[in-house]
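Okay, structure first, notes after.
The values are calculated or read from the model by the stated rules, or taken from the named source; none is laboratory data. Since the structure is predicted, the reported quantities are computational estimates derived from the model, not experimental observations. Glycine gets a Cβ as well: all are built from the backbone with ideal geometry, and neighbour counts include every protein chain shown. Just the protein is used for accessible areas: all its heavy atoms, side chains included, with ligands, DNA and RNA removed. Shrake-Rupley method; radii C 1.70, N 1.55, O 1.52, S 1.80 Å.
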Amino acid sequence: MDILRKQPGALPVRPNLLDYDAERATFSWTEVRRSLDGLPGARGLNIAHECVDRHAAGPRSTRIALRWLGRDGAAQDITYAQLRDLTARFANVLAELGVATGDRVFLLCGRIPVLYVALLGALKHRCVVTPLFSAFGPEPIATRMEIGAARVLVTTTSLYRRKVESIRARLASLEHVLLVDDEGATLPPGTLALQPLLDAASPACEIGPTDAEAPALLHFTSGTTGKPKGALHVHQAIVAHYATGRLALDFHPDDVFWCTADPGWITGTSYGIVAPLAHGITQVVDESDFDAERWYEILARERVSVWYTAPTAVRMMMKAGAEAARRHAFPKLRFIASVGEPLNPQAVRWGVEAFGLPIHDNWWQTETGGIMIANFPALDIRPGSMGKPLPGIEAAVVRRTSDGGAEPVDDPGFEGELALRVGWPSMFRTYLNEEARYRRCFAGDWYLTGDLARRDAHGYYWFLGRADDMIKSAGHLIGPFEVESALMEHAAVHEAGVIGKPEPVIGEMVKAFVALKPGIAPGDALKRELLGFARKRLGAAVAPKEIDFVDGLPKTRSGKIMRRLLKARELGLPEGDTSTLEST
């Protein structure tokens, strides 16, 4: 088996997790909670206090919390002390408007400073916050705001005019629209300019008592059909964000961290806002969309030490070649991680070629709220593996039982559903207004993830695919990720997506959709070569029987290949919810 061996003593910084087994044996969520302050006077636990106010009151007050890089070359540094005052002003604006504890505040902005100020300020006011992708169209915006019963919306004038004004009448609960006036134009009717309100508000705010189980963040996750689900997380989640920042992302006090995810995706909130700020480190925020050369310049110029990105970005950088990265020097970069969809083995190894560092995959979901399984800085990497469970997380591969339960199967190599023992702090507490749907996610003390996996003899977990993505062919259960990874080993293939196509004799046959690298022309000869290449690596039972060449694959903005969308298009079926589809 391909293994990237680690020599912890040779790493530039001593990792926080050196002895995995010892850390698991002594780990305690209660002890992690003691690493956080809690509100003064034992008045509970509030995410914004732990991310901002506790640092602003101490020696890190002048440390840069957010280093914002605008798409037009503008830049802004915000210290922890400044962030405390700005977020207090926003909390006081909400109070002046009569917004109550528990009301829902929705944010529809690009990655601009006010997005971060508003999210943390709303948490100070003990509201429930939902960041939305600014690339959403009117319909997905309306759907989410209706489900969430939005009372406040923070957006820009241009986004409001283009995407919200036409649906405003549908949003019965929406009372306040606060505009970041990015046009200098007359405000639309029924809206307020945010900046004058902030200017008039006090920079002092005492956060009210906050129960650790009080709702804090509402993130939406798409279903294959029907409306998206609203996964509700509580203030207690910050305990997991803090622990995973320390153990999975290896935060150290002097780090400069860059998470490339938009806060409209949970990674961009949990690890693009909460976890780094909880550790009091500097977070880089880039307003622009992906551009490989710009990213390399940011990594070098800002002296980024820890970088968290997505598989889609890695594949796009791979497409441009490792030489483009090697033209830059990254003197501080010591750890790279990726999440969104499992990284193919060649992507893990490409990191060494391009940056001198492997790319560490990890696994989690909107529902889990934080990283659950990871490849750690000091541990060997088995490329293609998700890694090992975080200390404090008990994972298992389970078999569903006839009575609706789930039983863990300890046999290495058994392929079943990945499950997590309930009880970690960032676990979602419900699907908003869909309690029965929420309950179906559990069997006894196990949360059933809907992902199929296997665990090897060394305790590493391997992703096989979503349960509804698995292909049943002639009695074989085939994981699409395995087939996609094999195809991507071919020098001509940039990326691949695999589905099961109905076939009357064998049930389903494996069909692949392949996007080629630049300069390579599709053709029948290459198709035959790829079919033979896959058959040699996978065997006739698993290899694809059909290949179609495509310009690109449908993906979510978090990097997941939308296989069910490939299947729907192939079979002429309804496409379901496509609101998180990456824009092309």
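(1) assigned to a helix (DSSP H, G or I); (2) in contact with a helix residue (DSSP H, G or I) (Cβ under 6 Å, 6 or more places away or on another chain); (3) open to solvent by 40 Å² or more (accessible area, probe 1.4 Å): which one isn't true of LYS163, the others all being true?
All conditions pass for LYS163, except number (3).
Any residue in segment 77-97 that is under 19 Å from ALA216 (Cβ atoms), under 22 Å from the mean Cα position of the chain (by Cα) and at pLDDT 95 or above?
Looking through segment 77-97, none of the residues is under 19 Å from ALA216 (Cβ atoms), under 22 Å from the mean Cα position of the chain (by Cα) and at pLDDT 95 or above.
Name the residues in segment 344-363 that are touching a Leu at 6+ places or on another chain (Cβ under 9 Å) and either without any contact (Cβ under 8 Å) to a residue 60 or more places away in the chain or aromatic (Phe, Trp, Tyr) (or both), would you?
Listed by number, the residues that qualify are GLY351, PHE355, GLY356, LEU357, ILE359, HIS360, ASP361, TRP363.
I'm checking my understanding of the structure. Among residues of segment 290-309 that are in contact (Cβ under 8 Å) with a residue 40 or more places away in the chain and either on the phi > 0 side of the Ramachandran plot or not hydrophobic (A, V, I, L, M, F, W, C) (or both), which one is most open to solvent (accessible area, probe 1.4 Å)?
Taking the candidates together, the pick is ARG303.
Would you pick out the residues in segment 146-160 that are out of contact with any Phe, Trp or Tyr (no Cβ under 6 Å at 6 or more places or on another chain) and either surrounded by 24 or more Cβ atoms within 10 Å (Cβ to Cβ) or not basic (Lys, Arg) (or both)?
Matches in segment 146-160: GLU146, ILE147, GLY148, ALA149, VAL152, VAL154, THR155, THR156, THR157, SER158, LEU159, TYR160.
Show the residue pairs meeting these rules: Cβ distance below 7 Å; 6+ apart or different chains; first residue within segment 1-24 and closer than 16 Å to ILE336 by Cα and assigned to a helix (DSSP H, G or I); second residue open to solvent by less than 60 Å² (accessible area, probe 1.4 Å) and not aliphatic (A, V, I, L, M).
PRO8/PRO15
Checking ALA212 against (1) within 16 Å of VAL93 (Cα to Cα); (2) part of a loop (DSSP other than H, G, I, E, B), which test does it fail?
(1)
Which members of segment 484-523 meet the condition of being part of a loop (DSSP other than H, G, I, E, B) and either open to solvent by 50 Å² or more (accessible area, probe 1.4 Å) or in contact with a strand residue (DSSP E or B) (Cβ under 8 Å, 6 or more places away or on another chain) (or both)?
GLU489, ALA491, ALA492, PRO504, VAL505, ILE506, LYS517, PRO518, GLY519, ILE520, ALA521, PRO522
Could you give me the residue pairs with C-beta distances under 6 Å whose first residue belongs to segment 534-554 and is open to solvent by 30 Å² or more (accessible area, probe 1.4 Å), whose second residue is part of a loop (DSSP other than H, G, I, E, B) wherever it lies, and which are 6+ apart or on separate chains?
Pairs found: ARG535/ALA543; PHE549/PRO522.
Please determine, by comparing only the residues of segment 79-98 that are in contact with a strand residue (DSSP E or B) (Cβ under 8 Å, 6 or more places away or on another chain) and open to solvent by less than 10 Å² (accessible area, probe 1.4 Å), which one is nearest to HIS279 (Cα to Cα).
TYR80
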